[in-house]
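Asker: Can you read through this structure? Questions will come right after.
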Amino acid sequence: MAALDSFPDLPQNGEISICERDGRICSLPINEVVANSTSTLLSYPEINIGRELFHHAGIHQREDRRTLMIPVNETLIKRLSRTFFEEGSVEALNVAANTSANPILSSLARYALVLVDFGNRVKYFLKPHLKEQGVDSVGKYTQTREWAKSSIRCIRWHPNCFKIAIAALDDSIRVYSDDPSIVPILKSGLQKSISSIAWRPFTAGELAVGCQNGTLVWNVDPNSLITRPLSQATQLRHGNHFPVTSVEWSPNGCLLATTSINDSDILIWDVDQNKQAPLNRVGPPCGLLKWSPTGSRLCSTTVSYVFRVWQTSKWSSDRWTINSGTVQSIVWSQTGSHILFVTSEECFLYCLSFIEDEVFTSSFVPKSALPIADLSKITIGQTEVGGHPQALAWCPQSQYLAVIFKDTSAIAIFNTVVNRSQLNITPSCFLTGIGVESASCITFQENLGRRANEKMKTVLTIGWSSGRVQYFPFV
């Protein structure tokens, strides 16, 4: 089993790693890196979301609307009506229960609140996962470290062309491409608390966004010379399927799968027809989704110890369980023969293997997930590395695996070799940021396009906690 104590030493103090070349890490002194440059690749856009955000320090602190209004004398009926429409029925009952103007109404409201509390106790006893709902719990099931206050909430490369979308703390999405002078900014009143984004394959500018109000689909004209699209996003919303925590397009771009921590069903959307079909299963709500590169399987996690692997030809599923916690992050190999995943409670990297169209049909393939790497926290010099993992990223060629952690700042890079039924994993290196930076989110570029050559294999894109975006090439 691979372990973090087998890694080479961390970069020396005052140095920053800029690329991996022939298996060796190339570093430069920080003072030699241009202060305003975030990119080691000249043809890639320079991005620093932290500098672009307005009022960054307090943007996530929302004022209660009631503190912004001048107090006025309202009748009881008017106050109850306003509270009901602005804050819901329970708050309206609390207002009625605390009024002294009408003792009978106050008594009835208190009895109603007792019944509501009893109903909630029964509901949470039968379905304890419902205790954690709403936007406040979204961060627990996203791939971004400290999601609630991270400058960068999501990074996603287009699978077919040179285009990268970055969701920021201010609920905007910036789209960067070959032309650095034009950066479309996608912003909508419905687009709040972005948790996931995904480009539609084989389209130039169709982007799905999972957020507080469901799913939004943007169409960004690649030939437009304006930074604010004239057309607004299309909202996809069904029942109580919000907030949406994961959006994923099928590899052929025909179907969009979405999950919500408020809904036990996975929704499969035909966006062109604005139709959806649920994958019904009794149990806790779903958290994350990931299609296999071949499109033949779809892995879905839940907010409990259960996860499923769906056969998309018949939409039948295999049910799997973990010892404790939830599945924190999942990635597929290039051929769809292996899944790597980590959990919220354990410091191990696990592997599941699949052969052809059946799960675990070969006697040589283990019939359970195997731990293949120990990610337990260790100390190198005076720096702690490892611990509970936050997210995984596996390059499209399944040669490099990156892991970021919840409590430590260094990124662990593994070398991987995938055969038909076997996976070999070996330690490669640690990557660190500048100063006290920690990695918020990571992803590999899916298609190098015309930048592909015999020398550059793939590019790891890192969103640091400062808002800086770094490109780390493997050459």
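Asker: Just the residues that are acidic (Asp, Glu), at pLDDT 95 or above and more than 14 Å from the chain's Cα centre (by Cα), please, taken from the range 234-289.
Answerer: Of the range 234-289, the ones acidic (Asp, Glu) are 248, 263, 265, 270, 272.
Filter once more, keeping what is at pLDDT 95 or above: 248, 270.
Of everything in the range 234-289, just one residue is acidic (Asp, Glu), at pLDDT 95 or above and more than 14 Å from the chain's Cα centre (by Cα), namely 270.
Asker: Select from the range 437-462 the residues that are outside any strand (DSSP E or B) and at pLDDT 90 or above and list them in ascending order.
Answerer: As a first pass, look at the range 437-462 and keep what is outside any strand (DSSP E or B): 437-438, 445-457.
Selection gives 437, 438, 445.
Asker: Considering only strands (runs of 3 or more DSSP E) fully contained in the range 224-272, which possess at least 2 residues that are of a type outside the set (D, E, K, R) and open to solvent by less than 10 Å² (accessible area, probe 1.4 Å)?
Answerer: Values: elements: 234-236, 244-249, 256-260, 263-270.
Per the criteria, 244-249, 256-260, 263-270.
Asker: Being buried (at least 21 other Cβ atoms within 10 Å of the Cβ) and either closer than 23 Å to residue 460 by Cα or modelled with pLDDT of 85 or more (or both), is that true of even one residue in the range 119-130?
Answerer: Just the residues of the range 119-130 that are buried (at least 21 other Cβ atoms within 10 Å of the Cβ), to begin with: none.
No, there is no match, as no residue in the range 119-130 is buried (at least 21 other Cβ atoms within 10 Å of the Cβ) and either closer than 23 Å to residue 460 by Cα or modelled with pLDDT of 85 or more (or both).
Asker: Return the only residue of 148, 167 being closer than 30 Å to residue 204 by Cβ and at pLDDT 90 or above.
Answerer: Answer to the check: 167.
Asker: Can you pull out the strands (runs of 3 or more DSSP E) entirely within the range 146-208 that have at least 1 residues that are open to solvent by less than 40 Å² (accessible area, probe 1.4 Å) and closer than 18 Å to residue 229 by Cβ?
Answerer: Details: elements: 152-157, 164-168, 173-176, 196-199.
Counting at least 1 such residues, we get 164-168, 173-176, 196-199.
Asker: Another question, then. Which one of these is within 14 Å of residue 247 (Cβ to Cβ), surrounded by 15 or more Cβ atoms within 10 Å (Cβ to Cβ), in contact (Cβ under 8 Å) with a residue 60 or more places away in the chain and in contact with a helix residue (DSSP H, G or I) (Cβ under 6 Å, 6 or more places away or on another chain): 212, 143? Write out each step before concluding.
Answerer: Details: 143 fails: in contact with a helix residue (DSSP H, G or I) (Cβ under 6 Å, 6 or more places away or on another chain).
When all the criteria are applied, what remains is 212.
Asker: Restricting the first residue to the range 1-25 and requiring it to be more than 20 Å from residue 462 (Cβ to Cβ), which pairs with a second residue that is in a strand (DSSP E or B) and at pLDDT 85 or above meet a Cβ separation below 6 Å and a spacing of at least six or different chains?
Answerer: Every condition considered, the pairs that remain are 1/374; 2/373; 2/425; 2/427; 3/374; 5/378; 6/427.
Asker: When residue 429 is evaluated against the numbered criteria (1) open to solvent by less than 10 Å² (accessible area, probe 1.4 Å); (2) at pLDDT 95 or above; (3) over 24 Å from residue 49 (Cα atoms); (4) not aromatic (Phe, Trp, Tyr), which criterion, by number, is the only one it fails?
Answerer: Against the list (1) open to solvent by less than 10 Å² (accessible area, probe 1.4 Å); (2) at pLDDT 95 or above; (3) over 24 Å from residue 49 (Cα atoms); (4) not aromatic (Phe, Trp, Tyr), residue 429 comes up short only on (2).
Asker: Can you tell me which residue among 296, 316, 324, 304 is within 20 Å of residue 368 (Cα to Cα), polar (S, T, N, Q) and touching a residue at least 40 places away in the same chain (Cβ under 8 Å)? I'd like the intermediate steps shown before the answer.
Answerer: On the way: 296 fails: within 20 Å of residue 368 (Cα to Cα); 316 fails: touching a residue at least 40 places away in the same chain (Cβ under 8 Å); 324 fails: touching a residue at least 40 places away in the same chain (Cβ under 8 Å).
Only one candidate qualifies: 304.
Asker: If a residue counts only when it is open to solvent by less than 50 Å² (accessible area, probe 1.4 Å), which strands (runs of 3 or more DSSP E) contained entirely in the range 366-414 have at least 2 such residues? Let's see the steps before the verdict.
Answerer: Numbers: elements: 370-374, 378-380, 383-385, 389-394, 400-405.
Strands (runs of 3 or more DSSP E) meeting the threshold: 370-374, 378-380, 389-394, 400-405.
The values are calculated or read from the model by the stated rules, or taken from the named source; none is laboratory data. The structure presented is a predicted model; accordingly, all values stated were derived computationally and were not measured. Note that each Cβ is placed from the backbone with ideal geometry, even for glycine, and that neighbours are counted across all protein chains shown. The protein model used for the area step is the full one, side chains on, heavy atoms only, and it has no ligands, DNA or RNA in it. Shrake-Rupley method; radii C 1.70, N 1.55, O 1.52, S 1.80 Å.
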